[in-house]
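K.L.:
Have a look at this one.
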Amino acid sequence: MWHMKMTGKLTIFLFACLLSLVCLAADEKRGDFSIVGVWMLKSEIAPDGKANPSVYTHYTRCKIYDADSTYYTVQLHAVGDEMMILAHEMGRYRLNDSIYMERDRVMPFHIINDSTVVLEFKGYKETIVRTTTMTEERKEEIRNFVRRYPNDADAPVKHFVLSTTERELKAENRVFSYILITMCVLAVIGIGYVMRLRRHKREMERKLAEIEETNQLRPEPVAKAMKEVEADFFQSDYYSVLRGRIDAGENLKPDDWRELERQLKIVYPNFASSLFGLHDLSSTEWQVCMLLKLRIKPADIASVLKKDKSSISNIRTRLYKKVFDKSGTGKDWDEFILSL
């Protein structure tokens, strides 16, 4: 008998300890729980035991709980690619142990796990689940709707179309507009460039025509005098010494180039102005042209300028292309230089 009493007391003690542990665990679990976030209605059990009443089959109820004890309740309606929203209400909430309170409603609150809870109100049991997929932008959009239309469930739906798709379309339109503007700007630049090339080509043709006309209409006495000056230059001591240095592959110094330019201006007064009037020459291109005017062979020019023969050839063909706007050979450019 005594053993039976002891066994009964021990059983009651163990049960009490187990119940205390369960309550402690529940309290600890509730203490770590936070309702802050976004929650969606998953299901509802009516007092008669029926699940999912028809009132909830056409939309999803969404509730946003903020850390400042403010909640926002809306109805989300999916219509095609759009998401429409009906603002329902906003208010303050309190969560105390197993009791949830908002406005004049006091509801038992059961934590299933961190992402699922059950609320009871007037015999209805609502299961709501936490969602972490909603962006902060969408949350703020919903808050703004509810702030604008609090407790306004009968407001026109058209006022509450979520603008995600609209924002995407606007963003796409902005990108398209930027692309279109860029294309227009590039087109204007391209047209301007083409027109400038055409003007440049016409100007080049005009200058070349003037040079040719000047050479053709030059009076015979003047042409004869120029020929004599040119002949004297090629028989002069200056040209003889310069040609000897060039044939020896000697490198010309800056003073030598300046003196050569001065001598050419005496013999061919319009040579430099005519050439630079057609194209802006680099120092190397100008040196090549001066040596060509002196009847120096391209191979010797390469030796004087310490460059490859191919480089001198490229310079000549490139200059012909720029001046005449058509392909030509180095020899074509040489003939043009001698004609100036």
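The values are calculated or read from the model by the stated rules, or taken from the named source; none is laboratory data. Source: prediction; values computed, not measured. We place every Cβ from the backbone using ideal geometry, glycine too, and count neighbours over all the protein chains shown.
K.L.:
With the requirement that a residue be aromatic (Phe, Trp, Tyr) and crowded, with 17+ Cβ neighbours inside 10 Å, what does segment 246-280 give you?
P.N.:
Kept after step one, since they are aromatic (Phe, Trp, Tyr), are these residues of segment 246-280: 257, 268, 271, 276.
Scanning segment 246-280 gives Tyr268, Phe271.
K.L.:
If I go through segment 304-340 residue by residue, how many of them are over 42 Å from the mean Cα position of the chain (by Cα), in a loop (DSSP other than H, G, I, E, B) and touching a residue at least 40 places away in the same chain (Cβ under 8 Å)?
P.N.:
2
K.L.:
Out of curiosity, is Met83 part of a strand (DSSP E or B), modelled with pLDDT under 85 and either surrounded by 15 or more Cβ atoms within 10 Å (Cβ to Cβ) or assigned by TED's automatic domain parsing to the domain that holds Arg148 (or both)? Spell out how you get there, then give the answer.
P.N.:
On the way: part of a strand (DSSP E or B): yes; modelled with pLDDT under 85: yes; either surrounded by 15 or more Cβ atoms within 10 Å (Cβ to Cβ) or assigned by TED's automatic domain parsing to the domain that holds Arg148 (or both): yes.
Spelling it out, Met83 is indeed part of a strand (DSSP E or B), modelled with pLDDT under 85 and either surrounded by 15 or more Cβ atoms within 10 Å (Cβ to Cβ) or assigned by TED's automatic domain parsing to the domain that holds Arg148 (or both).
K.L.:
Residues that are in a helix (DSSP H, G or I), in the same structural domain as Ser303 (by TED's automatic domain parsing), at pLDDT below 85 and acidic (Asp, Glu): does segment 243-254 have at least one?
P.N.:
Initially, segment 243-254 is screened for residues in a helix (DSSP H, G or I), giving 243-247, 254.
Narrowing the set further to residues that are in the same structural domain as Ser303 (by TED's automatic domain parsing) leaves 243-247, 254.
When the remaining residues are screened for being at pLDDT below 85, the result is none.
Among the residues of segment 243-254, not one is in a helix (DSSP H, G or I), in the same structural domain as Ser303 (by TED's automatic domain parsing), at pLDDT below 85 and acidic (Asp, Glu), which makes the answer no.
K.L.:
So, of the residues in segment 109-132 that are aliphatic (A, V, I, L, M) and touching a residue at least 60 places away in the same chain (Cβ under 8 Å), which turns out to be farthest from Thr73 (Cα to Cα)?
P.N.:
First, the residues of segment 109-132 that are aliphatic (A, V, I, L, M): 111-112, 117-119, 128-129.
After this cut, where a residue has to be touching a residue at least 60 places away in the same chain (Cβ under 8 Å) as well, the list is 111, 117, 128-129.
Details: Ile111: 20, Val117: 16, Ile128: 13, Val129: 14 Å.
Among those residues, the one meeting the criterion is Ile111.
K.L.:
Continuing with the same structure: Here's a check for you: in segment 110-142, which residue that is basic (Lys, Arg) and out of contact with any Asp or Glu (no Cβ under 8 Å at 6 or more places or on another chain) is modelled with the highest pLDDT? Steps first, please.
P.N.:
At the first step, the residues of segment 110-142 found to be basic (Lys, Arg) are 122, 125, 130, 138-139.
Checking the rest, the ones that are also out of contact with any Asp or Glu (no Cβ under 8 Å at 6 or more places or on another chain) come to 122, 138-139.
Working: Lys122: 84, Arg138: 84, Lys139: 87.
That would be Lys139.
K.L.:
Give Val323, Val288, Val304 a once-over and let me know the one that is surrounded by 14 or more Cβ atoms within 10 Å (Cβ to Cβ), among the hydrophobic types (A, V, I, L, M, F, W, C) and farther than 30 Å from Arg196 by Cα. If you could, list the steps in order and put the result at the bottom.
P.N.:
Numbers: Val323 fails: farther than 30 Å from Arg196 by Cα; Val288 fails: farther than 30 Å from Arg196 by Cα.
Criteria check complete, one pass: Val304.
K.L.:
Given the conditions (1) within 25 Å of Met226 (Cβ to Cβ); (2) more than 44 Å from the chain's Cα centre (by Cα); (3) not in a helix (DSSP H, G or I), report the number of the one that Leu281 does not fulfil.
P.N.:
Looking at each condition in turn, Leu281 falls short on (2).
K.L.:
Given the residues Lys139, Lys125, which is the only one that is surrounded by 15 or more Cβ atoms within 10 Å (Cβ to Cβ), over 18 Å from Val36 (Cα atoms) and not polar (S, T, N, Q)? Reasoning before the result, please.
P.N.:
On the way: Lys139 fails: over 18 Å from Val36 (Cα atoms).
Exactly one residue qualifies, and that residue is Lys125.
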